[in-house]
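Chemist: Structure provided below as C-alpha coordinates; questions to follow.
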Amino acid sequence: QVQLVESGGGLVQPGGSLRLSCAASRISFSMYVMGWYRQAPGKQRELVAVITSDGMTNYVDSVKGRFTIARDNAKNTVYLQMSSLKPEDTAVYFCNTKWGVNEYWGQGTQVTVSS
(Lines give C-alpha, C1' and ligand atoms only; values in the text may rest on other atoms or scores of the structure.)
Protein backbone atom coordinates (compact mmCIF):
# COMPACT_ATOMS: atom_id res chain seq x y z
CA GLN A 1 0.00 0.00 0.00
CA VAL A 2 1.37 3.38 -1.05
CA GLN A 3 1.94 5.69 1.90
CA LEU A 4 2.28 9.47 1.81
CA VAL A 5 3.15 11.35 5.00
CA GLU A 6 3.11 15.13 5.10
CA SER A 7 4.88 17.34 7.63
CA GLY A 8 5.90 20.95 8.11
CA GLY A 9 2.61 22.72 8.59
CA GLY A 10 1.95 25.23 11.32
CA LEU A 11 1.02 28.77 12.24
CA VAL A 12 2.83 31.58 10.45
CA GLN A 13 2.35 35.32 10.19
CA PRO A 14 1.39 36.95 6.88
CA GLY A 15 4.49 37.38 4.75
CA GLY A 16 6.19 34.43 6.37
CA SER A 17 7.44 31.16 4.94
CA LEU A 18 6.95 27.44 5.50
CA ARG A 19 8.28 24.32 3.85
CA LEU A 20 6.06 21.28 3.60
CA SER A 21 7.45 17.81 3.05
CA CYS A 22 5.80 14.64 1.82
CA ALA A 23 7.62 11.36 2.31
CA ALA A 24 6.47 8.54 0.05
CA SER A 25 6.92 4.84 0.57
CA ARG A 26 6.10 1.63 -1.27
CA ILE A 27 6.29 3.27 -4.70
CA SER A 28 8.94 3.74 -7.37
CA PHE A 29 8.93 7.40 -6.43
CA SER A 30 11.00 8.75 -9.30
CA MET A 31 8.43 7.53 -11.81
CA TYR A 32 5.45 9.28 -10.24
CA VAL A 33 3.94 12.69 -10.83
CA MET A 34 3.54 14.30 -7.40
CA GLY A 35 1.11 17.03 -6.45
CA TRP A 36 0.16 19.28 -3.58
CA TYR A 37 -3.51 20.12 -3.02
CA ARG A 38 -5.16 22.26 -0.40
CA GLN A 39 -8.61 22.55 1.09
CA ALA A 40 -9.82 25.56 3.01
CA PRO A 41 -12.89 25.41 5.27
CA GLY A 42 -16.07 25.42 3.20
CA LYS A 43 -14.18 25.22 -0.09
CA GLN A 44 -13.37 22.51 -2.58
CA ARG A 45 -9.98 20.89 -2.63
CA GLU A 46 -7.77 22.54 -5.25
CA LEU A 47 -4.54 21.58 -6.96
CA VAL A 48 -1.77 23.94 -5.85
CA ALA A 49 1.32 22.57 -7.59
CA VAL A 50 2.48 19.53 -9.49
CA ILE A 51 5.87 18.15 -10.48
CA THR A 52 6.43 15.49 -13.13
CA SER A 53 8.90 12.64 -13.00
CA ASP A 54 11.37 14.70 -15.04
CA GLY A 55 10.98 17.81 -12.90
CA MET A 56 8.54 19.93 -14.88
CA THR A 57 6.32 22.02 -12.64
CA ASN A 58 3.00 23.80 -12.79
CA TYR A 59 1.17 26.00 -10.30
CA VAL A 60 -2.25 27.44 -9.71
CA ASP A 61 -2.20 31.14 -10.57
CA SER A 62 -2.77 32.27 -7.00
CA VAL A 63 0.58 30.87 -5.81
CA LYS A 64 2.82 31.53 -8.83
CA GLY A 65 5.95 33.37 -7.80
CA ARG A 66 5.40 32.53 -4.12
CA PHE A 67 5.42 28.71 -3.92
CA THR A 68 7.98 26.27 -5.28
CA ILE A 69 7.50 22.52 -5.63
CA ALA A 70 10.58 20.31 -5.73
CA ARG A 71 11.43 16.65 -5.38
CA ASP A 72 14.35 14.63 -4.06
CA ASN A 73 14.14 11.18 -5.63
CA ALA A 74 16.96 9.87 -3.43
CA LYS A 75 14.82 10.63 -0.37
CA ASN A 76 11.43 9.74 -1.92
CA THR A 77 10.26 13.17 -0.84
CA VAL A 78 8.42 16.06 -2.46
CA TYR A 79 8.54 19.55 -0.99
CA LEU A 80 6.43 22.67 -1.19
CA GLN A 81 8.32 25.84 -0.28
CA MET A 82 5.82 28.56 0.51
CA SER A 83 6.84 32.20 0.80
CA SER A 84 5.03 35.52 1.12
CA LEU A 85 2.17 33.65 2.73
CA LYS A 86 -1.25 35.26 2.86
CA PRO A 87 -4.25 34.58 5.10
CA GLU A 88 -6.02 33.10 2.08
CA ASP A 89 -3.35 30.37 1.93
CA THR A 90 -4.79 28.96 5.15
CA ALA A 91 -5.88 25.39 4.46
CA VAL A 92 -5.10 21.75 5.00
CA TYR A 93 -2.42 20.78 2.49
CA PHE A 94 -2.40 17.29 1.02
CA CYS A 95 0.18 15.34 -0.90
CA ASN A 96 -1.16 13.34 -3.85
CA THR A 97 -0.07 10.93 -6.52
CA LYS A 98 -1.75 8.79 -9.13
CA TRP A 99 -0.84 5.69 -11.10
CA GLY A 100 -3.34 4.43 -13.61
CA VAL A 101 -6.71 4.21 -11.88
CA ASN A 102 -5.16 4.36 -8.42
CA GLU A 103 -4.93 7.62 -6.51
CA TYR A 104 -3.23 8.14 -3.18
CA TRP A 105 -3.49 10.87 -0.55
CA GLY A 106 -1.62 11.79 2.57
CA GLN A 107 -3.37 12.64 5.81
CA GLY A 108 -2.86 16.38 5.34
CA THR A 109 -1.04 19.07 7.27
CA GLN A 110 -2.63 22.29 8.53
CA VAL A 111 -1.22 25.62 7.43
CA THR A 112 -2.61 28.68 9.18
CA VAL A 113 -1.56 32.18 8.14
CA SER A 114 -2.60 34.70 10.75
CA SER A 115 -1.26 37.58 12.80
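Chemist: So what's the net charge close to Leu85: Lys and Arg +1, Asp and Glu -1, counting the other residues with Cβ under 15 Å from its Cβ?
Modeler: Result for the neighbourhood of Leu85: +3.
Chemist: At a 1.4 Å probe radius, carbon and sulfur cover how many percent of the accessible area of the range 41-113?
Modeler: Within the range 41-113, the accessible surface is 50 percent carbon and sulfur.
Chemist: A follow-up question, please. Just read off the accessible area of Leu11 with the full protein assembly in place, 1.4 Å probe, to the nearest 10 Å².
Modeler: For Leu11, solvent-accessible area is about 130 Å².
Chemist: Roughly how much of Val111 is accessible, in Å² to the nearest 10, using a 1.4 Å probe?
Modeler: For Val111, solvent-accessible area is about 0 Å².
Chemist: What is the sum of charges, Lys and Arg at +1 and Asp and Glu at -1, for the other residues whose Cβ falls under 14 Å from the Cβ of Ala24?
Modeler: Neighbourhood net charge equals +1.
Chemist: Counting only heavy atoms of the protein chains, get the accessible area per residue of the chain (1.4 Å probe) and round it to a whole Å² value.
Modeler: Per-residue accessible area for the chain comes out at 53 Å².
Chemist: If you find the alpha carbon centre of the range 55-115 and of the range 12-27, how far apart are they in angstrom?
Modeler: Centre-to-centre (Cα) distance: 7 Å.
Chemist: Over the Cα atoms of the chain, how large are the radius of gyration and the largest Cα-Cα distance (Dmax), in Å?
Modeler: In order Rg, Dmax, the Cα atoms of the chain give 13.4, 42 Å.
Chemist: Put Leu18, Leu85 in order of accessible area, largest first, 1.4 Å probe: what do you get?
Modeler: Leu18, Leu85
The values are calculated or read from the model by the stated rules, or taken from the named source; none is laboratory data. Values in this document were obtained by computation on a predicted structure and should not be read as measured data. Note: ideal-geometry Cβ built from the backbone for every residue, glycine included; neighbour counts use all protein chains shown. The protein model used for the area step is the full one, side chains on, heavy atoms only, and it has no ligands, DNA or RNA in it. Shrake-Rupley method; radii C 1.70, N 1.55, O 1.52, S 1.80 Å.
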